[in-house]
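Bear in mind these aren't lab numbers, they're just calculated from the coordinates by the rules spelled out. This is a predicted model, so every value here is computed, not measured. Positions of Cβ are generated from backbone atoms using ideal geometry, with glycine treated the same way; all protein chains shown enter the neighbour counts.
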Ligand code: GLP
């Protein structure tokens, strides 16, 4: 895809920050979140999981410890959770969030929401959307990207109109996420995820991608027409998207702007 094709796109362009490596990306994303919290301490913040966010959350935790970055008035909503794992399972996203962010930044009890995966899931999904609305909608949504272009657990061919719901995970996603599970334990076949439309309702979106394994997905998301085959391409229609990526993940972007 050529640079001119990129520029012809009618949709608003995301702002790209292409940085040297994952550690630099993590600091930059933490800085972005810190600025949002400074501007609005009662921030409603959408959160992602995955290995990309481990250094991002470590950077936020360090700012909390050393610079007094406060989450005391913030409320957070996670993108997704596996169906069928108890909350205290080592690979649940609830455990991930407690370990990597909620504990380290001392998020007040009751301020960190994840989609419900017990009992009546359809009802829990509707309640999640209502809870986000009750908090005034998402001010800032953090997103990773799957190797197949998924955002949250919206796998390829998810409708751009989709809302929080139960989904089946792609075989490639279950394989990619197997490393997060204890040896010999299968990745659950289903998850609950915010929908693509739920994500697009956020007033601002930050997409983070690091490593060569994300280069193809990032290129598909932003250098071709938006297509449900690549759910992240839905972000092309959003007016306020910032992409933080490292050089390796940016390899497929035709008209790269270096630096941040
Ligand atoms: C996971 C999560 C996504 C995450 C993506 C990338 O499956 N559901 O929200 O963005 O896959 O994960 P990682 O950062 O580990 O590559």
Next item on the list: Give the shape of the stretch 191-246 as rounded, prolate or oblate, defined through the alpha-carbon gyration tensor: a ≥ b ≥ c are the square roots of its eigenvalues, a/c under 1.5 means rounded, and otherwise the shape is prolate if a/b is larger than b/c and oblate if not.
Entry: rounded
Note to self: Whole angstrom only: what separates the Cα centroid of the stretch 110-133 from the Cα centroid of the stretch 31-62?
What the structure shows: 21 Å
Note to self: Under 10 Å, Cα contacts only: if you run a Gaussian network model on the chain, which one of 167, 56, 196 comes out with the highest mean-square fluctuation?
What the structure shows: 167
Notebook entry, point to check: Kirkwood hydrodynamic radius for the stretch 81-221: how many Å is it when counted over pairs of different Cα atoms?
Noted result: 16.0 Å
Next item on the list: Over the chain, calculate the relative contact order: mean separation of alpha carbon pairs under 8 Å at least 6 apart, over the residue count, as a percent.
Entry: 28 percent
Note to self: If packing is taken as the average number of other Cβ atoms within 10 Å across a peptide's residues, how do 152-165, 99-112 rank, most packed first?
What the structure shows: 152-165, 99-112
Check: Rounded, prolate or oblate: which fits the stretch 138-260, taking a ≥ b ≥ c as square roots of the Cα gyration tensor eigenvalues, rounded meaning a/c under 1.5, else prolate when a/b beats b/c?
Finding: oblate
Next item on the list: Please report, to one decimal in angstroms, the Kirkwood hydrodynamic radius of the stretch 14-138 built from all distinct Cα-Cα pairs.
Entry: 15.4 Å
Next item on the list: Give me the number: length gained by fully extending residue 120 to residue 157, i.e. 0.36 nm times residue separation minus the C-alpha to C-alpha distance, one decimal in nm.
Entry: 10.8 nm
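Assign one of three labels to the chain, namely rounded, prolate or oblate, based on the Cα gyration tensor with a ≥ b ≥ c the square roots of its eigenvalues; rounded applies when a/c is under 1.5, prolate when it is not and a/b is larger than b/c, and oblate otherwise.
Numbers: a/c = 1.41, a/b = 1.17, b/c = 1.20.
Since a/c stays below 1.5, the shape of the chain is classed as rounded.
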Note to self: Among DSSP bridges having both ends in the stretch 108-244, what percentage is antiparallel? Round to the nearest 5.
What the structure shows: 45 percent
Note to self: Counting other beta carbons within 10 Å of each residue's own, what order do 194, 97 fall into, fewest first?
What the structure shows: 97, 194
Next item on the list: Before anything else, pin down the relative contact order of the stretch 152-260: Cα pairs under 8 Å, at least 6 apart, normalised by residue count, whole percent.
Entry: 30 percent
